[in-house]
Amino acid sequence: MKKFLLLLLGFFTLNAMASNDQPVSFNNLPQKAQQFINQHFSSVGFLSAKLDDGQYEVRLKNGTEIEFTAQGEWKEVDCHTTAVPAAIVPANITKYVKAQFPNNIIVKISKKYNGYEIELNSDIELKFDAKGNFLYAD
């Protein structure tokens, strides 16, 4: 039993050491990421950031979470219960959501290699192509 506990402890220690999470200050984020936060979330306030496997994960004071590539391009913005800034949502997507879901707001948007995924405050997930044309709902 003692050997098992030591083995288990060793496993968790190695697993923790293998984690690449590194805290990052706002000033050490890529310039594009800093500009994005300042432009779209200047009134919210920066809370923390970490670098994980070459990508940045940022948390703002209101709970918003933003993922950035190593170059500082946003990949995902999750505002949880508040609206994603309209300026980052392609116009076709905004138009579709307003027409089809007029009582909903976009609370999360993700850029994918082939388009966008959004989540509405009603937990409906919508998929769009790279041009912002609706594909399907989840």
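Overview of results
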read-out	value
Residues within region 54-64 that are outside any strand (DSSP E or B) and open to solvent by less than 40 Å² (accessible area, probe 1.4 Å), tallied	3
Positions within region 30-48 being open to solvent by less than 70 Å² (accessible area, probe 1.4 Å) and within 23 Å of residue 86 (Cβ to Cβ), in sequence order	33, 34, 36, 37, 40, 41, 44, 45, 46
Residue that is most open to solvent (accessible area, probe 1.4 Å), among those in region 72-106 that are farther than 30 Å from residue 24 by Cα and in a loop (DSSP other than H, G, I, E, B)	103
Selection from region 113-122 of residues that are out of contact with any helix residue (DSSP H, G or I) (no Cβ under 9 Å at 6 or more places or on another chain) and either farther than 17 Å from residue 65 by Cβ or open to solvent by less than 40 Å² (accessible area, probe 1.4 Å) (or both)	113, 114, 115, 122
Single unsatisfied condition, residue 51 versus (1) modelled with pLDDT of 95 or more; (2) more than 14 Å from the chain's Cα centre (by Cα); (3) open to solvent by 30 Å² or more (accessible area, probe 1.4 Å)	(2)
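Quick grid of which residues meet (1) touching a residue at least 24 places away in the same chain (Cβ under 8 Å); (2) touching a His at 6+ places or on another chain (Cβ under 9 Å); (3) of a type outside the set (Lys, Arg):
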position	(1), (2), (3)
42	no, no, yes
47	no, no, yes
58	yes, no, yes
62	no, yes, yes
90	yes, no, yes
98	no, no, no
104	no, no, yes
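The values are calculated or read from the model by the stated rules, or taken from the named source; none is laboratory data. Being a predicted model, the structure only gives us computed values, none of them experimental. Because the Cβ atoms are built from the backbone with ideal geometry, glycine has one as well, and the counts that use them run over all protein chains shown. Ligands, DNA and RNA are stripped out before the accessible areas are found, and what is left, the full protein with its side chains, is counted by its heavy atoms. Shrake-Rupley method; radii C 1.70, N 1.55, O 1.52, S 1.80 Å.
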